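See structure below.
No value in this document is a laboratory result; all are computed from the given coordinates. This is a predicted model, so every value here is computed, not measured. Note that each Cβ is placed from the backbone with ideal geometry, even for glycine, and that neighbours are counted across all protein chains shown.
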Amino acid sequence: MAEENGIASGFVGMFNAFVDPAGLAKRVPAKLFWVGPVVTVTIIFLVYGYLMTPYTMQLVDTQMSQRNIPADQLEKAKSMAHMIGGITMYAIPVFALLFIMLLALLVNVMGSMVGLRTKFRDVFSIMAACSLISVLQLIATYVVVRTKGDEITNQEQMTPPFGLDIFINAHGPLYAILNFFSIFEIWYLVIFTLTLAYLTGSSKGKAFLAITPAWLLPLLFKIVGSLFQPKS
């Protein structure tokens with residue numbers, strides 16, 4: 001019965017992640033709270049991947065055509081890339097979950113370093129619930145890409161601006177930084193910080209220091225990835 005309550009708590013309480021960090025902090029200690037957010041986020045990832053497939057394949061075809069591949073091999077290369085892309089669509093939610101678990105572990109370690117009494121399961125539960133904010137950005141991304149209807153020729157078109165990059169025309173690492181700190185990412189970090197502070201009874205400053213790996217590592221990956229993107 002306790003486990004059922006934990007799962008039900010996850011499906012109901014996960015919506016506190018949008019506006020009520022104190023309420024979220026009361027829910028996360030439930031043993032199976034994380035199930036609700038994980039299932040919901042996974043489903044949204046799969047639907048997003050399916051809906052974005054035509055645009056992803058369009059980008060793949062454009063990038064393949066820009067390479068010096070003989071005409072007789074180009075179609076075979078595109079076909080292979082499409083097949084890999086289809087497989088990747090189903091693998092991404094798994095990798096995303098594993099990445100969240102890694103970040104939760106790092107946040108837990110960082111929390112111990114700054115004096116917070118945290119548990120990995122609780123940190124993971126908070127991050128899983130706060131990921132609902134992140135998937136809102138995925139939904140917004142699809143809406144923007146579909147509405148604009150432009151031919152996809154570069155990766156930046158697949159990550160429309162939701163932050164300072166709306167006002168600043170940048171590319172490469174600078175674009176990666178500005179694009180990363182979107183309104184959704186800032187929202188995510190604020191809720192994460194406040195929830196962790198409420199849960200542990202610590203100051204907001206310590207909680208913010210503890211969550212540093214949750215944004216710093218993804219940001220570094222995004223910056224490194226931007227260095228390998230072909231110039232449009």
Using 0.36 nm per residue of separation minus the Cα-Cα distance, give me the extension gain between residue 43 and residue 203 in nm, one decimal. 54.1 nm
In what sequence do 113, 158 fall when counting other Cβ within 10 Å, fewest first? 113, 158
Taking R0 as 30 Å and r as the Cβ-Cβ distance between residue 223 and residue 11, the FRET efficiency 1/(1 + (r/R0)^6), rounded to the nearest 0.05, comes to 0.25
Using all Cα-Cα distances in the chain, what percent lands in each 10 angstrom bin from 0 up to the longest? 8, 28, 33, 20, 9, 2, 0
For the chain, what is the calculated [θ] at 222 nm in deg cm²/dmol (nearest 500), taking -39500 (n - 2.57) for each run of four or more DSSP H residues and dividing by its residue count? -25500 deg cm²/dmol
Degrees between helix 212-227 axis and first principal axis of the chain (Cα, 0 to 90, nearest 10): 10 degrees
GNM of the chain, Cα pairs under 10 angstrom: of 94, 135, 107, the biggest fluctuation goes to 94
What is the calculated FRET efficiency for residue 139 to residue 72, with r their C-beta to C-beta distance and R₀ = 30 Å, to the nearest 0.05? 0.15
Taking Rh as the Kirkwood radius computed over alpha-carbon pairs of the stretch 54-145 and applying Stokes-Einstein at 10 °C with viscosity 1.306 mPa s, one gets a diffusion coefficient in µm² s⁻¹ of 97 µm²/s
Nearest 10 degrees, 0 to 90: what angle lies between the long axis of helix 2-13 and the longest principal axis of the chain (Cα atoms)? 60 degrees
Excluding residues on the same chain fewer than 8 positions from residue 222, give the aspartates and glutamates whose Cα lies under 20 Å from its Cα. 156, 165, 185
Enter the Cα centre distance for the pair the stretch 116-141 and the stretch 150-206, rounded to the nearest angstrom. 14 Å
Nearest 10 degrees is fine. How inclined is helix 183-200 to the longest principal axis of the chain, computing both from alpha carbons? 20 degrees
Under 22 Å from the Cα of residue 148, which lysines turn up, not counting those fewer than eight places away in the same chain? 231
Residues 65, 202, sorted so that the one with the fewest Cβ neighbours within 10 Å comes first: 65, 202
1/(1 + (r/R0)^6) with r = Cβ-Cβ of residue 148 and residue 53, R0 = 22 Å, i.e. FRET efficiency to nearest 0.05, evaluates to 0.80
Any idea what the dipole of the stretch 2-227 comes to, in debye rounded to 20, about its Cα centre with Lys/Arg Cβ at +1 and Asp/Glu Cβ at -1? 660 debye
